[in-house]
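Worksheet: one structure, shown below.
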Amino acid sequence: TNAHLNQRVPYKIEFRVRHKNGEYKWFNATAQAKWDNQGNPVRMAGSLIDITERKNIQEELARHHNELELLVAERTQNLTVLNQKLALEIAERNEAELALRYSEQRFRDVSNAAGEYIWEIDNNAQYSFVSERVELIKGYKPQELLGHHPAEFMPVEDAHSLQVTLQNAHETKTAFRLQHRNITKTGDIVWEEVSGVPVLNENGQVQGFRGASLSITERKRVEA
């Protein structure tokens, strides 16, 4: 805080506070120092937003995503082990596919409940899957986005930031998160927060990314 007072730059942090009932709540704080005529900091002014529900939903999404990744890995291993037992392999495959579809549906249900849409992009960073809820955020139907790069629907500055983020995540094979603007079908500017993880093949090579995106336009307006 002292550094922000001296350097005259705003700060933004997320932290937990213990409620009087013993539970912890998450808050997002944004603040800016105010100075007197002599240039001395005299007070801080800002906003505090309760983001506990969003944090809980993000943790739930992360758990479901891990379940999905573990299920896929387990299915692949089982199919390898049972390769010489055709009948049992088919039974295991059918069971695993049913479980996989169930897990994917759970992930989609949780995403929809969180107000998010889920997406996948291929190795060329083009949409290969987008859930229906995307139209409420971007203003485009899923079929209008398939085969297109997300940057095509962004201002130039945001598109460049996305390109750099995807390149770094591809090289390091790590997850990423960023906030960026979109230009809707009607020309409006909206904000969204994107979280993505790499999709790896059996050789550990990145084949694309999948993740979820949440509209934060209203939050940006409140912060502004």
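The values are calculated or read from the model by the stated rules, or taken from the named source; none is laboratory data. Since we're looking at a predicted model, the values are computed, not measured. FYI the Cβ positions are ideal-geometry reconstructions off the backbone, even for glycines, and counts take in every protein chain you see. For the accessible areas, the whole protein counts, side chains as well, though only heavy atoms, and no ligand, DNA or RNA atoms are used. Shrake-Rupley method; radii C 1.70, N 1.55, O 1.52, S 1.80 Å.
In the context of the full protein assembly, Lys141 retains an accessible surface of approximately 90 Å², using a probe radius of 1.4 Å and ignoring ligands and nucleic acids.
Grab the beta carbon distance between Lys141 and Ala29, set R0 = 41 Å, and tell me the FRET efficiency rounded to 0.05. Numbers along the way, then the final one.
Working: r = 37 Å, r/R0 = 0.91.
Working from the Cβ atoms, E equals 0.65.
Quick check: convex hull of the Cα atoms in the stretch 126-224, volume per residue, rounded to a whole Å³?
Working: hull volume 9.7 nm³, N = 99.
Considering the Cα atoms of the stretch 126-224, their hull volume per residue is 98 Å³.
Between Ser47 and His19, what is the FRET efficiency for a Förster distance of 25 Å, r being their Cβ-Cβ separation, to the nearest 0.05? Can you show the working numbers first?
Working: r = 20 Å, r/R0 = 0.78.
Efficiency computed from Cβ-Cβ geometry: 0.80.
In the assembled protein chains, Ile57 presents an accessible area of approximately 40 Å² (probe radius 1.4 Å). Probe 1.4 Å, all protein chains in place: accessible area of Leu146 in Å², nearest 10? Around 80 Å² of this residue is reachable by solvent. Computed from the C-beta positions of Gln126 and Glu223 and an R0 of 30 Å, the FRET efficiency is 0.40 to the nearest 0.05.
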